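The values are calculated or read from the model by the stated rules, or taken from the named source; none is laboratory data. Computed from a prediction, not measured in an experiment: that's the story for all the values here. Counting neighbours? That spans all protein chains shown, and the Cβs are built from the backbone with ideal geometry, glycine included. Side chains are part of the model used for accessible areas, which takes the heavy atoms of the whole protein and leaves out ligands, DNA and RNA. Shrake-Rupley method; radii C 1.70, N 1.55, O 1.52, S 1.80 Å.
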Amino acid sequence: MGMTMTQKILAAHAGLECVEAGQLIEADLDLVLGNDITSPVAIHEFEKMKVEGVFDKDKIALVPDHFVPNKDIKSAEHCKCVREFACRNEITNYFEVGQMGIEHALLPEKGLTVAGDVIIGADSHTCTYGALGAFSTGVGSTDMAAGMATGKAWFKVPAAIKFVLTGKPAKWISGKDIILHIIGMIGVDGALYKSMEFVGDGIAHLTMDDRFTIANMAIEAGGKNGIFPVDERAAAYMKEHSTRSYTVYEADEDAVYDETYTIDLSALKPTVAFPHLPENTKTVDEIKEDIPINQVVIGSCTNGRLDDLRIAANILKGRHIADGMRCIVIPATQKIYLDAMEEGLLKIFIEAGAVVSTPTCGPCLGGYMGILAEGERCVSTTNRNFVGRMGHVNSEIYLASPAVAAASAVTGKISCPCELDA
């Protein structure tokens, strides 16, 4: 019986010739990740183990990004805990304010994630790195602690779903629209503990930023991970960003998939996830009534990369956000911030009436930098729109692409960017 991409990676890291879905294995880890919320818990558990330091100071990444720069005393204490642990253990990849970024944008940019890796992170969106052909998945803080101590983790080998992407996306269709379409199609538990494996000729039309977005939101369909094959574009990205060697794994022709879905990218339309689940999707042409909004957020580990900012700036250039609108733009890393500044994108945002923040997860999880009051609505390029996710339990979050978010900021209601082309 053949193996999927994910199963091949796990077999290699477990020292086994083959594995099958449902099998329990112990695999070697290439990277263990934590942030300022999850790392303190992991550090306390790590200290209970009484081990002599971490397994490899070069294979741990600590990225304070959720409440930084610190918003209050508690968040400052959390970051202090992480900072002191990184110092005691001489952690190579600790990123302080001024060097940090949103973790899932920062690590690929820094070349810390490459094809064939097995990566765990105490954050559910660790699945982002599957865009580069790695197996990466979110774990709890206790598993993070064990990973830092031993360099190993237990896994149940996931079954898989194949998504065959064909065709070329139309103008304004991005990775966000693709993954929202998929989640709307299969539901938030449609890939529960399964590997979402993306193949097909349509992948050639997707930028790396598109792929990061799609892999990032695999967890929103319940997926254990999302993963793309390594093509020329992925190889070029790794060559540009990393000095590490990598291993390309390809699924066997007789690999077993629980389901196979074929998606014609050319037929997709801008898609919005209505409150209060990512599966509650509608295309913009299905929205028959005006839905006025109070706030737009363009950023996060899902859509805070340079392509996302370029798309938003393209729409906002020469325009102004609607009266009474709050538009918050958050570049995902310092490098993205600098590149956006040098390209003049930040000037476009500010002239349009938006504000630009330092890199932070901030409003995505209802942390700060954009909390919603009762009855307010937000169009956001983030990844979750659960009840109370960004503030008051009676607020509403509409998930969308940077193009839809920017267009909505201009009109003051949920809008298709094509409306502004006319």
Between residue 233 and residue 193, how many nm apart are label points set 7 Å from Cα along the C-beta direction?
3.3
Would you list, by chain and number, the lysines whose Cα falls below 24 Å from the Cα of residue 282, excluding same-chain residues fewer than 8 positions away?
162, 168, 171, 176, 269, 413
Got a sec to turn the phi values of the range 178-184 into Karplus ³J(HN,Hα) couplings, 6.51 cos²θ - 1.76 cosθ + 1.60 with θ = phi - 60°, whole Hz, x for Gly and Pro?
5, 6, 5, 4, 5, 5, x
Which of 24, 107, 399 moves the most in a Gaussian network model of the chain with Cα springs under 10 Å?
24
Modelling each spin label as a point 7 Å along the Cα-to-Cβ direction, I'd like the residue 339/residue 240 distance in nm, to one decimal.
0.6
Can you give me the pair-distance distribution of the chain, C-alpha pairs, 10 Å bins, whole percents?
5, 23, 33, 26, 11, 2, 0
The range 44-99 and the range 227-250: distance between their alpha carbon centers, rounded to Å:
28
What's the carbon and sulfur percent of the chain's accessible surface, probe 1.4 angstrom, rounded to a whole number?
51
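What is the extension gain from residue 207 to residue 393, computed as 0.36 nm multiplied by their sequence separation minus the C-alpha to C-alpha distance, in nm to one decimal? Each step should come with its number before you reach the end.
Values: separation 186, 0.36 × 186 = 66.96 nm, distance 3.56 nm.
Result for the pair: 63.4 nm of gain on full extension.
Expressed in nm to one decimal, what extension gain is obtained for the pair residue 26 and residue 49 from 0.36 nm per residue of sequence separation less their Cα-Cα distance? Intermediate values should be presented prior to the final figure.
Values: separation 23, 0.36 × 23 = 8.28 nm, distance 1.89 nm.
Separation in residues times 0.36 nm, less the Cα-Cα distance, equals 6.4 nm.
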Phi angles of the range 164-174, converted by Karplus (6.51 cos²θ - 1.76 cosθ + 1.60, θ = phi - 60°) into ³J(HN,Hα) in whole Hz with x for Gly and Pro, give 8, 9, 10, x, 10, x, 6, 4, 6, 8, 10
Net lengthening on full extension, residue 150/residue 374 (0.36 nm per residue, minus Cα-Cα)
76.0 nm
Expressed per residue, the solvent accessible area of the chain in Å² (1.4 Å probe) is about 38
What's the local net charge at residue 21, with K and R +1, D and E -1, over the other residues with C-beta under 10 Å away?
0
For the residue pair residue 17 and residue 96, what label-to-label distance in nm results when each label sits 7 Å from Cα along the Cα-to-beta-carbon direction?
5.2
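Among the trypsin sites (Lys or Arg not before Pro) in the range 96-186, which ones are in a DSSP loop with at most 12 other Cβ atoms within 10 Å of the Cβ? Mind listing them? Let's see the in-between values first.
Numbers: sites: 110, 152, 156, 162, 171, 176; in loops: 110, 171.
Those satisfying the criteria are 171.
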Rounded, prolate or oblate: pick one for the range 239-377, where a ≥ b ≥ c are the square roots of the eigenvalues of its C-alpha gyration tensor, a/c under 1.5 means rounded, and failing that, prolate if a/b is larger than b/c, else oblate.
oblate
Histogram of C-alpha separations across the range 316-383, 5 Å bin width, %:
3, 16, 24, 25, 20, 10, 2, 0
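What Kirkwood hydrodynamic radius, in Å, does the range 173-260 give when the mean of 1/r is taken over all pairs of distinct Cα atoms and then inverted? Display every interim value, and only then the final one.
Values: mean 1/r = 0.0716 Å⁻¹.
Evaluated on the range 173-260, it is 14.0 Å.
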Taking only the alpha carbons of the range 309-422, the radius of gyration and the largest Cα-Cα distance, Dmax, both in angstrom, are 13.6, 39
Cα-based reach from residue 50 at 28 Å (exclusive), listing lysines while leaving out same-chain residues under 8 positions away:
59, 74, 80, 152, 156
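For the range 1-101, what is the convex hull volume of its Cα atoms per residue in Å³?
On the way: hull volume 13.5 nm³, N = 101.
That works out to 134 Å³ per residue.
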Out of residues 5 or more away from residue 386 or on other chains, whose amide H comes under 5 Å of its own, with H placed 1.01 Å from N in the peptide plane?
none
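Show me the three semi-axes of the equivalent ellipsoid for the range 112-189, from the C-alpha gyration tensor (sqrt of 5 times each eigenvalue), largest first, rounded to whole Å. List each step's numbers first, then the result.
Working: eigenvalues 170, 39, 29 Å².
Rounded to whole Å, the semi-axes are 29, 14, 12.
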Percent antiparallel among DSSP beta bridges confined to the chain, nearest 5, equals 20
